[in-house]
Amino acid sequence: MSSVSGESQPASTGSDEIAVRALYQQLLESWNRQDAATYAALFESEATVIGFDGSPMYGSGEIEATLRQIFADHVTAAYIGKVRSVRFLSPDIALLHAVVGMVPPGKSDINPAVNALQTLVAVSGDGRWHIAWFQNTPAQFHGRPEASEALSEELRQLL
């Protein structure tokens, strides 16, 4: 189990952390395949997504419809991501923090201008984990270009 140093957490099994990490990986993979239905199926029916530009989506139906439109209108960049931590708030609620870069179509390097921090709240029910909340925040690091460059280099190691 990953944790934030110095903080106590409810007990969880290693398999729960593996499942939450796998859920996040499925999220990135379904985006990269431009598969709106699979992406939306990872969410609870009343989940919330806050997109990179701050646009909210409420419920798996709106998430799927919005992504279908995005994928129909745009060739999207592919995510590469790294989970920084998984913290269990209770045995059935996990908080995942990750960093991502995006590789534009036809390119082999990330576009540092769209690096992001991602936060996912996962809940367990019906024998599987679902996403209840997902937020994708630009990693702009205003006034700290060294932080932006460090994140870009960290993400390039994943290529």
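Taking the conditions exactly as written (over 23 Å from Ile18 (Cβ atoms), touching a strand residue (DSSP E or B) at 6+ places or on another chain (Cβ under 7 Å) and either outside any strand (DSSP E or B) or at pLDDT below 95 (or both)), does Leu155 satisfy them or not? Judged against the criteria, Leu155 is not a match. For segment 77-101, taking the residues that are in contact with a Phe, Trp or Tyr (Cβ under 9 Å, 6 or more places away or on another chain) and among the β-branched types (Val, Ile, Thr), the one that is surrounded by the fewest Cβ atoms within 10 Å (Cβ to Cβ) is identified as Val83.
When the residues of segment 31-76 are filtered to those that are aliphatic (A, V, I, L, M) and surrounded by fewer than 18 Cβ atoms within 10 Å (Cβ to Cβ), which remaining residue is nearest to Gly125 (Cα to Cα)?
If we take residues in segment 31-76 being aliphatic (A, V, I, L, M) and surrounded by fewer than 18 Cβ atoms within 10 Å (Cβ to Cβ), then Ala41 is nearest to Gly125 (Cα to Cα).
If you scan segment 27-56, which residues turn out to be under 21 Å from Asn115 (Cβ atoms), without any contact (Cβ under 8 Å) to a residue 24 or more places away in the chain and not small (Gly, Ala, Ser)? Once the filter is applied, which keeps residues that are under 21 Å from Asn115 (Cβ atoms), without any contact (Cβ under 8 Å) to a residue 24 or more places away in the chain and not small (Gly, Ala, Ser), segment 27-56 yields Glu29, Asp53. Within the set Asp92, Asp73, Asp35, Asp53, the sole residue that is among the charged types (D, E, K, R), out of contact with any strand residue (DSSP E or B) (no Cβ under 8 Å at 6 or more places or on another chain) and closer than 26 Å to Glu17 by Cα turns out to be Asp35.
Across segment 57-106, the number of residues qualifying as without any contact (Cβ under 8 Å) to a residue 60 or more places away in the chain and either outside any strand (DSSP E or B) or over 30 Å from Ser148 (Cβ atoms) (or both) comes to 25.
Among the residues of segment 126-139, which ones are more than 17 Å from the chain's Cα centre (by Cα) and at negative phi?
If we filter segment 126-139 for residues that are more than 17 Å from the chain's Cα centre (by Cα), which is where we start, we get 126-128.
Of everything in segment 126-139, just one residue is more than 17 Å from the chain's Cα centre (by Cα) and at negative phi, namely Arg128.
If you go through segment 102-140 and pick out every residue that is farther than 12 Å from Ala77 by Cβ, touching a Gly at 6+ places or on another chain (Cβ under 8 Å) and exposed (fewer than 14 other Cβ atoms within 10 Å of the Cβ), you end up with 0.
The values are calculated or read from the model by the stated rules, or taken from the named source; none is laboratory data. Note that the structure is a prediction, hence the values are computed from the model and not measured. Heads up, the Cβs are rebuilt from the backbone with ideal geometry, glycines too, and the neighbour counts pull from every protein chain shown.
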